[in-house]
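Novice: What follows is a structure written as structure tokens; I'll ask about it next.
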Amino acid sequence: MANILAGLYEKDEFFIAFCKQCSLVRQRWVLSKYVKFMPPSQRNKLRFANIFGIVLWAKKHLANWDKLPEEVKIGLSFLQDNTLFLNKKHKNI
């Protein structure tokens with residue numbers, strides 16, 4: 001499954017940008033009071049095997065957007081920009 005996902009997303013500019021944004025949030029929040037809102041870690045070799053965890057994390061926060069603290073909404077604003085990417089379905093999967 002990870003190989004199929006790698007073929008679909010390895011060069012996808014939205015996926016690459018999304019992963020970079022998640023990584024930046026992790027770096028900023030690692031020792032902060034917002035640690036419980038951080039995205040799951042992605043290892044470089046297993047990035048496509050772990051894609052489901054990060055997508056589920058993003059969808060959970062989007063579903064509870066109104067309940068998030070304002071500072072968290074600002075930090076995770078890139079999730080709203082990537083809603084179409086997160087909800088995209090592929091016929092190959």
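Novice: Of the residues Lys67, Lys33, Lys20, Lys60, which is at pLDDT 90 or above and within 13 Å of Asn82 (Cα to Cα)?
Specialist: Going through Lys67, Lys33, Lys20, Lys60 in turn, just one is at pLDDT 90 or above and within 13 Å of Asn82 (Cα to Cα): Lys20.
Novice: Here's another thing I want to ask about it. Taking the conditions exactly as written (assigned to a helix (DSSP H, G or I), of a type in the set (Lys, Arg), touching a helix residue (DSSP H, G or I) at 6+ places or on another chain (Cβ under 8 Å) and surrounded by 10 or more Cβ atoms within 10 Å (Cβ to Cβ)), does Lys73 satisfy them or not?
Specialist: For Lys73, the condition - assigned to a helix (DSSP H, G or I), of a type in the set (Lys, Arg), touching a helix residue (DSSP H, G or I) at 6+ places or on another chain (Cβ under 8 Å) and surrounded by 10 or more Cβ atoms within 10 Å (Cβ to Cβ) - is met.
Novice: Taking the range 53-68 on its own, how many of its residues are touching a residue at least 12 places away in the same chain (Cβ under 8 Å) and either of a type in the set (Ser, Thr, Tyr) or part of a loop (DSSP other than H, G, I, E, B) (or both)?
Specialist: 1
The values are calculated or read from the model by the stated rules, or taken from the named source; none is laboratory data. Just so we're clear, the structure is a prediction, and the values are computed from it rather than from any experiment. All Cβ positions, glycine included, derive from the backbone under ideal geometry; neighbour counts span all protein chains shown.
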